[in-house]
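Just below is one structure, and these are the notes that go with it.
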Amino acid sequence: MVTTKVKKGYKKWLIAIFVLLLAGGAVIWWLFTLKYDDTATVKADYTVNEPEFIKEFQQNMTVANKKYSEKIIVVNGTVSEIEMADTTANIKMIDTVTNAYVIFAFQQQHLNEAKQIKKGDKVSIKGSCSNGSFSNILETEYITFKRCAVNK
């Protein structure tokens, strides 16, 4: 009689674990297949100029991250560096006084637009702000953007 109760309890635990694994698998599948709208067509939450934007993060990183994180932002500024690879492009706007910078990772479909940009160009870039942080190695603040496109 005791072994029957143990077997029933064991079956319930197995079923519960199976259901949890199934639910977890569904959530993971949903996250990995999640598609974002093309940033170029999404309305921006904020439009900022690069020097003031960097200063806002330098003054209070926590408040700036709460305000801008995961928001679509248009940043106007001058290109300081361009890092090109086969399938990606990273464009930087650097504050020459503090060496703090904003870095934009371009979406695959906007890579050709990024390749047209030259160092020293004044540009307007729209992207999703990941967050700002401080690099102990570089000893400076940086702000990262993902899914970027040239703002037209």
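The values are calculated or read from the model by the stated rules, or taken from the named source; none is laboratory data. Because the structure is a prediction, the values reported are computed rather than measured. Note that we place each Cβ from the backbone using ideal geometry, even for glycine, and neighbour counts take in every protein chain shown. Note: areas computed on protein heavy atoms with side chains; ligands, DNA, RNA excluded. Shrake-Rupley method; radii C 1.70, N 1.55, O 1.52, S 1.80 Å.
Points worth noting:
- Maximal additional length on extending the Ala26-Asp86 stretch stands at 18.3 nm, based on 0.36 nm per residue less the C-alpha distance.
- Note that segment 104-120 has calculated 3J(HN,Hα) couplings of 10, 9, 8, 5, 3, 6, 10, 5, 5, 4, 5, 5, 7, 7, 10, 4, x Hz, one per residue in order, obtained from phi through the Karplus relation 6.51 cos²θ - 1.76 cosθ + 1.60 (θ = phi - 60°); glycine and proline are x.
- Electrostatic dipole magnitude of segment 6-148 [Cβ: Lys, Arg +1; Asp, Glu -1; Cα centre; debye, to 20]: 1060 debye
- Packing around the peptides 15-28, 60-73, 89-102, taken as the average count of other Cβ atoms within 10 Å per residue, puts them in this order, highest first: 89-102, 60-73, 15-28.
- Evaluating 6.51 cos²θ - 1.76 cosθ + 1.60 at θ = phi - 60° for every residue in segment 86-100, the Karplus couplings come out as 4, 10, 9, 9, 10, 10, 10, 10, 10, 7, 5, 7, 9, 6, 5 Hz, glycine and proline recorded as x.
- Part-to-part distance (alpha-carbon centres) for segment 29-103 and segment 108-152, which is given in Å: 5 Å
- Per residue accessible area of the chain, 1.4 Å probe, in Å²: 67 Å²
- Shape call, segment 39-111: gyration tensor on alpha carbons, a/c limit 1.5: oblate
- Subset of Lys67/Lys126; Lys67/Lys118; Lys119/Lys152; Lys118/Lys152 violating a 20 Å alpha-carbon distance limit: Lys67/Lys118
- Karplus 3J(HN,Hα) series, Hz, for segment 46-54 with 6.51 cos²θ - 1.76 cosθ + 1.60 (x for Gly, Pro): 9, 10, 9, 9, 3, x, 5, 4, 4
- Heavy-atom accessible surface of the chain: percent carbon and sulfur, 1.4 Å: 60 percent
- Under a 5 Å amide H cut-off, with hydrogens placed 1.01 Å from N, Asn151 pairs with Ser124, Ile125, Lys126 among residues at least 5 apart or on other chains.
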